[in-house]
1. Cα centroids of region 626-693 and region 608-622: how far apart, whole angstrom?
2. Spin-label point model (7 Å from Cα, Cβ direction): what's the ALA419 to VAL20 distance in nm?
3. Checking the table LYS44/LYS116; LYS21/LYS44; LYS608/LYS700; LYS44/LYS606; LYS119/LYS415 against a 21 Å threshold on Cα-Cα, which pairs fail?
4. Going by accessible area, probe 1.4 Å, with all protein chains left in place, what is the ranking of ILE567, ILE319, largest first?
5. Antiparallel DSSP bridges in the chain: what percent, to the nearest 5?
6. With r as the distance between the Cβ atoms of HIS570 and ASP55 and R0 = 60 Å, compute the FRET efficiency 1/(1 + (r/R0)^6) and round to 0.05.
7. Over the chain, what is the mean sequence separation of C-alpha contacts under 8 Å (at least six apart), divided by residue count, expressed as relative contact order in percent?
8. Sort region 224-326 into rounded, prolate or oblate with this rule: let a ≥ b ≥ c be the square roots of the eigenvalues of the Cα gyration tensor; rounded if a/c is under 1.5, and if a/c is not under 1.5, prolate when a/b is larger than b/c, oblate otherwise.
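The values are calculated or read from the model by the stated rules, or taken from the named source; none is laboratory data. If you're wondering where the values come from, they're calculated on a predicted model, not measured in any experiment. Reconstructed Cβ throughout: ideal geometry from the backbone, glycine too, with neighbour counts over all protein chains shown. SASA here: full protein model, heavy atoms, side chains in, ligands and nucleic acids out. Shrake-Rupley method; radii C 1.70, N 1.55, O 1.52, S 1.80 Å.
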Amino acid sequence: MESVRTVCPYCGVGCGLEVVKGPAGSKVRGDRAHPSSQGMVCVKGATILESVDRDRLLYPMLRASLDAEFQRVSWDEAFDAIVSRIQAVLATQGPDGICMYGSGQFVTEDYYTAQKLIKGCLGTNNFDANSRLCMSSAVSGYIRSFGSDGPPCSYDDLELTDCLFAIGTNTAECHPIVFNRFRKHHRANPGKVRLIVADPRCTETGQVADLHLPIRPGTDIDLLNGIAHLLLRWDRIDRAYIDTHTNGFAAYEGIVRQYSPDWVADRCGISAELIETAARIWAESDRVLSLWSMGINQSSEGTAKVRSIINLHLLTGQIGKPGAGPFSLTGQPNAMGGREAGGLSRLLPGYRLVTNSQHRAEVEQFWQIPAGRISPHTGRSAWEIVEGLETGDVGLLWIAATNPAVSFPDLNRTKAAFARSPFTIYQESYHPTETTAFAHLLLPATQWSEKTGTMTNSERFVTLSQGFQAPPGEAREDWAIFAEVGRRLGFREQFWFESSADVYQEFVQLTRDRPCDMTGLTHDRLRTQGPLQWPYPDSTLPEGSQPAKRLYTDGRFNTADGRAQFIAVHSRGLAEPPDAAYPLVLTVGRLYGHWHTQTRTGRIDKIKKMHPHPFIEIHPFDAVPLEIGEGDWVAVRSRRGECQFRAKVTKAIAPGTVFVPMHWGGLWDDHAEANSLTHPEACPDSYEPELKACAVQLAKLDRP
Ligand SMILES: Nc1nc2c(c(=O)[nH]1)N[C@H]1C(S)=C(S)[C@@H](COP(=O)(O)OP(=O)(O)OC[C@H]3O[C@@H](n4cnc5c(=O)[nH]c(N)nc54)[C@H](O)[C@@H]3O)O[C@H]1N2
Ligand SMILES: Nc1nc2c(c(=O)[nH]1)N[C@H]1C(S)=C(S)[C@@H](COP(=O)(O)OP(=O)(O)OC[C@H]3O[C@@H](n4cnc5c(=O)[nH]c(N)nc54)[C@H](O)[C@@H]3O)O[C@H]1N2
Ligand code: SF4
Ligand SMILES: [Mo]
């Protein structure tokens, strides 16, 4: 029997998988040698193999218009169609008429090749990814507070902390193995190791917390400033750390002095005692580790929320030491690799920025393209692609490894814009998805198990995701498709790669002396040594050694003067607060078994049984006046759309807030597209839309 070590292609925990190939087919199990997951897997990783051979897109397919039937074409014809479209748009609209929308489910090699093609060769920064809807607030928060991106902690900290402060994250269901690692430590040390959960829902994470803070959606900054207020009042802060390693403390102090517990209690909709208890636990804990994800990032003030978490860690010196630090959990398996490779419209490879002239020059030289080719302007963010389609400024849209006809905000408007696209390429593994309806050209992509490349998880471990079976039909690797288009556009030297190992070898050179230095990594090394954590420079490290587990252990940050920056902000609240007409706040999130738009998990029986249909969680306080009982059908309306769900009446959600899962797009349910309700208002710094909150009204429906 042959076995292959690889990584789970679902969430950013990045669990190691071992695929054992036997006479009766392949089986998958947790890889005990993987440092991040130590042999553990959740139901998604354990069942991944069941989905890979179902309903695959096998051949390139083309059609002249969205109402025509797709016709199978050869790859040659497909490439001709792409190249002639690109040339036509370049001639009529210029490079900024072209947009690519990619995904944290790319391997780093896919991401890198796409950056070289779009930003380098074509000269537009219109490459964005679904990470815009996901972790872009974490990126801008880290950049602004620390001078560069990069989650500073390790999963080992989960087992070393005295207090896990989980805010806006349902870690138990969405990052289950991270949560398992903490829970073992938590269970073994009752009363000594504590869990605080701040979330309007009492999720599985909240259920085992020592303290659950069911705050109103959008009031995180009030809560965080309120905790800081008490720490200051009690003088439980680290003045030496503040003086030596930070800037901006005085302004911050001025702001948080205004956040008395009573004021905060009123804003957050919880008691002042709960806030005092939370602050007390912070004050008593030698080591505090904060975790966050979408309850923080997906907000019209996402960057400010992230920075307010970081503020608390700077205030108390809780960073750069074991068991402590502000730790963003990345959602997708390789959103981290996307950041490293420059996979958002303002980034360039190696944690560089398109607006920095030196960064542009370095990359242009390395790519051997003319000086000035990389545009100095930030490209279109995800929602700006929709706006560009509406105004006719986008002439070619290329979507890969994501399903925006389910996952974008304000879906009715999104779909209307997609329907206007002059030409849309959709590069996917499955057929159909909801986005297929908006494509002119379909390109079949290999996926996990059929492609080899690297992925970086939340704690900066890079794992080689190894292919172990042949792709179906004519599917090709994403990076190979981008490279072939590049060659056919005349950039032969730039796209010399014959394998993803070649791509990786080139890419890591662009990380030299950058915060995410990975120059010591190669596919071969990752294959023989297993996963390795960056920074991993090639110079100083003897074979097999591992550099620092944590960033900022010396208190030096990546800002000009080496100091971290406090931000002093008041909360602005929700972009669309509830009012008399739309009195409730809808929040949209995830369930343990399903992955996003169900392309994979919707094809796995065990998971379908686990979560048979969508539903809406309503507090009895809101359900009773509307005569809504358990299992009743409910119409949910926002200013943009309407959905229908069965009611789940529960006290596990804060009154005034309702919850629906994001997983049921149009192909799985006619009436449950959560994003037909949401709006696109976004954080001014990260451009991440407020997918976590919009105002809705409910009505009971007569439906069997
Ligand atoms: N099972 C499963 N796991 C996944 C995924 C999946 O699809 N399924 N997707 C992966 C991806 S890409 C991501 S991004 C992560 C997401 O992981 P999480 O962020 O943990 O998941 P969500 O359910 O989107 O949102 C988390 C919580 O935010 C809360 N929340 C909403 N509004 C607010 C607010 O204003 N303040 C606070 N404090 N909390 C709020 C919600 O009630 C919800 O419980 O999961 C990853 N893991
Ligand atoms: N209201 C609301 N909306 C949300 C969210 C929310 O919490 N609330 N969460 C947002 C977040 S955080 C995220 S990450 C997005 C996720 O939203 P999407 O990215 O739209 O969701 P997925 O279903 O993961 O889509 C990934 C697609 O990539 C395909 N695929 C898998 N592997 C490969 C590959 O190697 N190559 C290619 N070409 N294709 C591949 C899969 O078949 C699948 O169709 O949704 C966002 N939308
Ligand atoms: S926790 Fe995440 S990475 Fe680990 S098996 Fe589950 S889905 Fe995969
Ligand atoms: Mo995400």
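1. So the two Cα centres are separated by 11 Å.
2. About 5.2 nm, to one decimal.
3. In this structure, LYS44/LYS116; LYS608/LYS700; LYS119/LYS415 exceed 21 Å between Cα atoms.
4. Final ranking, largest accessible area leading: ILE567, ILE319.
5. The antiparallel proportion sits near 50 percent.
6. So, using R0 = 60 Å, E works out to roughly 0.75.
7. Here the relative contact order equals 20 percent.
8. Taking the square roots of the gyration eigenvalues as a ≥ b ≥ c, region 224-326 is rounded.
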